Amino acid sequence: MQRICSIVSAAVIGLSAAPVVAAESTFEEVKITAGETLFQAECRRCHSPDADHDSYGPPLENIVGRAAGSYQDYDYSTALEASGIVWTPAALRAWMEDNDGFMPGTKMRHVGIEDRTVQDFILAYLTSITTQDNTAISK
Ligand code: HEC
């Protein structure tokens, strides 16, 4: 709402929108930094953020929009491999909240991150390490 108002008033009274954009990108950067810290605490022991490094779980580089179970070099559970889901922000939230409830049979140990703000931060970080457009990629 605030953003819409700012954009509208900038357009109406002819002010530059630049300061608004700068403020937003700073907030986004703060979310990404917080998300990285949370990722280190909650996910990093099993997940590398880049595909060049091995990890116990699949690397999470380019995860947002990726088809589940599609990282070629990883031996997924049948449940994940056959799930047919795409890692949209909503699916990633459900996964962080209750992964084994969301997908019975997954071999990822239960993580129960119910706090929406914490989910937001981790999502901001996961989005920041997603540098390719996954929409054209299928499994
Ligand atoms: C104890 C180890 C462990 C922790 C901690 C962990 N994961 Fe996982 N994760 C796994 C394993 C193992 C898999 C593969 C699951 C399968 O094949 O069923 C997985 C799979 C995933 C996938 C699916 C990837 C794909 O290629 O389809 C996502 C997304 C994911 N984890 C996100 C997270 C996030 C975000 C966190 C932190 C909030 C986290 N995981 C914490 C072990 C872990």
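Is it true that Arg109 is among the basic types (Lys, Arg) and farther than 19 Å from Glu29 by Cα? Can you show your working first?
On the way: among the basic types (Lys, Arg): yes; farther than 19 Å from Glu29 by Cα: yes.
Judged against the criteria, Arg109 is a match.
All but one of (1) more than 9 Å from the ligand (Cβ to nearest atom); (2) crowded, with 17+ Cβ neighbours inside 10 Å hold for Gly84; which doesn't?
With (1) more than 9 Å from the ligand (Cβ to nearest atom); (2) crowded, with 17+ Cβ neighbours inside 10 Å applied to Gly84, the lone miss is (2).
Output the residues belonging to region 81-139 that are of a type in the set (Val, Ile, Thr) and part of a helix (DSSP H, G or I).
Kept after step one, since they are of a type in the set (Val, Ile, Thr), are these residues of region 81-139: 85-86, 88, 106, 111, 113, 117-118, 122, 127, 129-131, 135, 137.
Once the filter is applied, which keeps residues that are of a type in the set (Val, Ile, Thr) and part of a helix (DSSP H, G or I), region 81-139 yields Thr117, Val118, Ile122, Thr127, Thr135.
Answer yes or no: is there a residue in region 36-47 that is modelled with pLDDT of 95 or more, within 20 Å of Pro104 (Cβ to Cβ) and of a type in the set (S, T, N, Q).
Looking only at region 36-47, we keep the residues that are modelled with pLDDT of 95 or more, and these are 36-47.
Then drop every residue that is not within 20 Å of Pro104 (Cβ to Cβ), which leaves 46.
Those still in the list that are of a type in the set (S, T, N, Q) too: none.
Among the residues of region 36-47, not one is modelled with pLDDT of 95 or more, within 20 Å of Pro104 (Cβ to Cβ) and of a type in the set (S, T, N, Q), which makes the answer no.
Test Ser55 against the criterion of being modelled with pLDDT under 95, more than 12 Å from the chain's Cα centre (by Cα) and in a loop (DSSP other than H, G, I, E, B), and give yes or no. Let's see the steps before the verdict.
Numbers: modelled with pLDDT under 95: yes; more than 12 Å from the chain's Cα centre (by Cα): yes; in a loop (DSSP other than H, G, I, E, B): yes.
Considered against the rule, which asks whether it is modelled with pLDDT under 95, more than 12 Å from the chain's Cα centre (by Cα) and in a loop (DSSP other than H, G, I, E, B), Ser55 comes out as yes.
Search region 59-79 for residues that are near the ligand (Cβ under 6 Å from one of its atoms) and open to solvent by less than 30 Å² (accessible area, probe 1.4 Å) and pair each with any residue that is assigned to a loop (DSSP other than H, G, I, E, B) and among the acidic types (Asp, Glu) when their beta-carbon atoms are under 7 Å apart and the residues are at least 6 apart or on different chains.
Hits for this filter: zero, empty list.
Among the numbered criteria (1) in contact (Cβ under 8 Å) with a residue 40 or more places away in the chain; (2) within 11 Å of the ligand (Cβ to nearest atom); (3) charged (D, E, K, R), which one does Lys107 miss?
With (1) in contact (Cβ under 8 Å) with a residue 40 or more places away in the chain; (2) within 11 Å of the ligand (Cβ to nearest atom); (3) charged (D, E, K, R) applied to Lys107, the lone miss is (1).
The values are calculated or read from the model by the stated rules, or taken from the named source; none is laboratory data. Here the structure is a predicted model, which means the values were calculated and not measured. Note that each Cβ is placed from the backbone with ideal geometry, even for glycine, and that neighbours are counted across all protein chains shown. Side chains are part of the model used for accessible areas, which takes the heavy atoms of the whole protein and leaves out ligands, DNA and RNA. Shrake-Rupley method; radii C 1.70, N 1.55, O 1.52, S 1.80 Å.
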